[in-house]
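Student: Pasting a structure below so you can have a look.
The values are calculated or read from the model by the stated rules, or taken from the named source; none is laboratory data. From a predicted model like this one, the values you see are computed outputs, not experimental measurements. Backbone-built Cβ (ideal geometry, glycine too); neighbour counts: all protein chains shown.
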Amino acid sequence: MTFIPSIIEKFQYYMPAELIFDIGSVKNISSQNIKLGKKPLIVTGKKSSKINGALASLLTYYSNAVVFDNVEENPSIDTCEKAREYCIAKNCDWIIAVGGGSPIDVGKAVAGLATNEGPCEQYFGRDLFKQSPLPILAIPTTAGTGSEVTPYAVITNEKNVTKQTIADKRLFPKIALLDPSLTLTLSRDVTLSTALDALSQSLEGIVSKKATPISDCIAIESCKKIIEWLPVALREPDNITARYWLLFASLLSGIVIAQTGTTLVHALGYYYTLNYNVPHGIANALFLIPMFKRNIIFFPEKLRFVIEFLGEEYCKEHPEISIKKALLRFFKDINFSCKSSSWGVPDNQLQIFSEQLYSDSYRFRNQHGAFSKKEIYNIFKETFEP
C-alpha cells in the first residue's frame, strides 16, 4: 500500500557507502580487488569470523593485514582504546571490520580514534572528530544491525552502565561487502535475535520523528522480508534463499536508521541487555508490543500494513489491540516468548530503570508522544504480561 504523508515536508537522504551484495564474495575476495590503503587492521570477534571462514579468506588475500580479534558482545570503551593502540602500533591505514554489529561498531570507532587524539569518551556525540577517520570496509556476518551502512558506533560505557554513540557522517564505511553465505553458520539463537533487531529498527524507523517517505518505503520492505523469511530460516538454517533475504532486510534496516535513528524501544531494551545480558535483539523485541500499542495511536494507517501482512484484521476503533494480536501471532510462529521473565529478567528494578530513563531526555529525541515516569514504568511492567 502507498502512504501519503499528512504534511508534505522537505527531507534529506545521505547514504554514501558502496554496496556489494554477492553470495560467496568473501571466499572470492580477490575478485573484488578492494584496497583502501596499504595495510589493513582486521577488527573482528573471537569466534564467528573463524567459524564461517571469513577471516581465513581475508588473511589469504590481505597477507600483510594484522588482526584484532578481542571484540566482545556489547563492546566497551576499553576494547576500543586497546584496538586504537594496536592499530597505531602496527601502522595500519585502513580498517576491515568483519562480524556482527559489535566488531563493525568497534571498527568504526577505531577508524576515528586512530586519527584523533583524546579518550574514546570525548567523542560520544555527533561529528566531534577533527581529523577524518580511516577508510572502512565492513563485512557483516549476522543479519541484524545493519551497522555496515550507518554512521554510528554504539559502545558500552561501563562507568555508568549505559550504551553511548559516536556519530559522524565520515564513519559510514566506504564499502559494505555483504555475503549471505557467511550467515549459514549462525545458531538459531543468533539468527532469531539479530533478525528481531533488524525488525525493531525498521519498525522504529517508521514511527521516528525523522522518518521520511524514502525511509518509510525501505522500512516497510525490510519488515515484510523479515516476517516472510525469518520463520523459514529458523526451520531450515541451511536455506540460502532465506539467509539472502534476511541479510538484505538487515541491510535495509541499517539504511533506515542511518536516516531516522532509533526510538524509545532501543533505549528501553538497553536496560535488559546491560543489566541481565539479554541479547540486544531479544531485548528490543520484548518492548515491541508495549511500545507499538502506543505508537499506533499516532500512526494507525501507517502501521496498518504490519497488522494485515501478519494476517490479522485491522480494527479502526482499537488499532492497539490489532497490532498486539498481529505481533503475538508472529512471535508464536517463530517460537519466541515475549515475556521478560522467560529471558531471566526480574521485576525488582523496574522503578529504578523508569526513573533513570525518564531523566535522560536524549533517549526521547526521536519518539512521538509524551511519557510520564509512571508511563515508562508501565511499559517495563507490560513486558512481563504483554
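Student: Surrounded by 14 or more Cβ atoms within 10 Å (Cβ to Cβ) and not hydrophobic (A, V, I, L, M, F, W, C): does that describe T60?
Tutor: No; evaluated as a whole, the condition is false for this residue.
Student: Sticking with this structure for a sec: Show the residue pairs that are 6+ apart or on different chains and have beta-carbon atoms under 9 Å apart, the first residue being within segment 244-262 and outside the structural domain of G101 (by TED's automatic domain parsing) and without any contact (Cβ under 8 Å) to a residue 40 or more places away in the chain, the second being outside any helix (DSSP H, G or I) and crowded, with 23+ Cβ neighbours inside 10 Å.
Tutor: W245/A143
Student: Does segment 322-330 contain at least one residue that is surrounded by 21 or more Cβ atoms within 10 Å (Cβ to Cβ), of a type in the set (S, T, Y) and modelled with pLDDT of 95 or more?
Tutor: Yes, the conditions are met somewhere in segment 322-330.
Student: How many residues are of a type in the set (D, E, K, R), assigned to a loop (DSSP other than H, G, I, E, B) and in contact with a Phe, Trp or Tyr (Cβ under 7 Å, 6 or more places away or on another chain) when one looks only at segment 137-168?
Tutor: Within segment 137-168, residues that are of a type in the set (D, E, K, R), assigned to a loop (DSSP other than H, G, I, E, B) and in contact with a Phe, Trp or Tyr (Cβ under 7 Å, 6 or more places away or on another chain) number 1.
Student: Shifting gears a bit: Of all residues in segment 245-293, how many are of a type in the set (A, V, I, L, M) and not in a helix (DSSP H, G or I)?
Tutor: Here is the first cut: in segment 245-293, the residues of a type in the set (A, V, I, L, M) are 246-247, 249, 251-252, 255-258, 264-265, 267-268, 274, 278, 282-283, 285-286, 288-289, 291.
Filter once more, keeping what is not in a helix (DSSP H, G or I): 278.
Of the residues in segment 245-293, 1 are of a type in the set (A, V, I, L, M) and not in a helix (DSSP H, G or I).
Student: Just checking, does segment 63-79 include any residue being part of a helix (DSSP H, G or I), at pLDDT 95 or above and within 26 Å of D189 (Cβ to Cβ)? Please lay out each step first, then the result.
Tutor: Step one: list which residues in segment 63-79 are part of a helix (DSSP H, G or I), which gives 77-79.
Now narrow it down to the ones that are at pLDDT 95 or above: 77-79.
With the extra rule that they be within 26 Å of D189 (Cβ to Cβ), the set shrinks to 79.
Looking for residues that are part of a helix (DSSP H, G or I), at pLDDT 95 or above and within 26 Å of D189 (Cβ to Cβ), one finds at least one in segment 63-79, hence yes.
Student: I'm checking my understanding of the structure. Among residues of segment 152-167 that are surrounded by fewer than 22 Cβ atoms within 10 Å (Cβ to Cβ) and not basic (K, R), which one is nearest to F129 (Cα to Cα)?
Tutor: This residue is A167.
Student: Being among the hydrophobic types (A, V, I, L, M, F, W, C) and more than 26 Å from L274 (Cα to Cα): is that true of L199 here?
Tutor: Judged against the criteria, L199 is not a match.
Student: Name the pairs: first residue in segment 345-367 and without any contact (Cβ under 8 Å) to a residue 24 or more places away in the chain and closer than 22 Å to T262 by Cβ, second residue of a type in the set (K, R) and assigned to a helix (DSSP H, G or I), Cβ to Cβ under 9 Å, at least 6 apart or on different chains?
Tutor: Going by the 9 Å Cβ cut-off, the qualifying pairs are E355/K373; Y358/K373; S359/K373.
Student: Here's a follow-up. From (1) without any contact (Cβ under 8 Å) to a residue 12 or more places away in the chain; (2) within 12 Å of the chain's Cα centre (by Cα), pick out the condition that doesn't hold for L199.
Tutor: L199 satisfies every listed condition except (1).
Student: Test E85 against the stated conditions and say whether it is free of Cβ contacts under 8 Å to residues at least 12 places away in the same chain and either crowded, with 17+ Cβ neighbours inside 10 Å or under 21 Å from I255 (Cα atoms) (or both).
Tutor: It is false that E85 is free of Cβ contacts under 8 Å to residues at least 12 places away in the same chain and either crowded, with 17+ Cβ neighbours inside 10 Å or under 21 Å from I255 (Cα atoms) (or both).
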